[in-house]
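Structure first, commentary second.
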Amino acid sequence: EPNWEEASWFKPFHSGFDPLAAGKTTIGALLCTELMFPRCAKLLGQRGAEVIAAPRATGGNSVLWHAASVIAAASAGAYVVSSNRTRNPASPDSIFGGGGFATD
């Protein structure tokens, strides 16, 4: 998508979705748009993820992201937490919306 950095810097490290133990919790990660694919969340849930962290760099409209997090949480049987890049005060034309949420 134009103006979004993922297209230029993101390359998958390896295929698959492997959650990691963090203390007594198992955490999986979905990067930004991956949250929109319920199959990804389902795979994390099947592999034991109790929490899915989904950092984003998105605009101000978070309605679709909240909907995606509900579907991901239901698909995985896990909590979904998401944070979003915030607007740069030095750049008034910045398009990032900020804001985070947690879904059970």
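The values are calculated or read from the model by the stated rules, or taken from the named source; none is laboratory data. On a predicted model such as this, the values are computed, not experimentally measured, just so you know. Because the Cβ atoms are built from the backbone with ideal geometry, glycine has one as well, and the counts that use them run over all protein chains shown. Areas reflect the complete protein model, heavy atoms only, side chains present, ligands, DNA and RNA absent. Shrake-Rupley method; radii C 1.70, N 1.55, O 1.52, S 1.80 Å.
Simple spin-label estimate for Thr86 and Ala22 gives 2.0 nm between the two label positions (7 Å along the Cα-to-Cβ direction from each Cα). For Gly59, the residues whose modelled amide H falls within less than 5 Å of its own, excluding neighbours fewer than 5 places apart on the same chain, are Gly97.
Near Arg87, the amide H atoms lying under 5 Å from its own belong to Gly98; only residues 5 or more places off or on other chains count, and H is placed 1.01 Å from N. Near Ala29, the amide H atoms lying under 5 Å from its own belong to Ala53; only residues 5 or more places off or on other chains count, and H is placed 1.01 Å from N. Heavy-atom accessible area for Leu20, with the other protein chains in place and a 1.4 Å probe, reaches approximately 120 Å². Assuming R0 = 22 Å, can you tell me the calculated FRET efficiency for the pair His66 and Gln46, based on Cβ-Cβ distance, to the nearest 0.05? Efficiency computed from Cβ-Cβ geometry: 0.40. The Cβ shell under 15 Å around His66 holds other residues with a net charge of 0, Lys and Arg each +1, Asp and Glu each -1.
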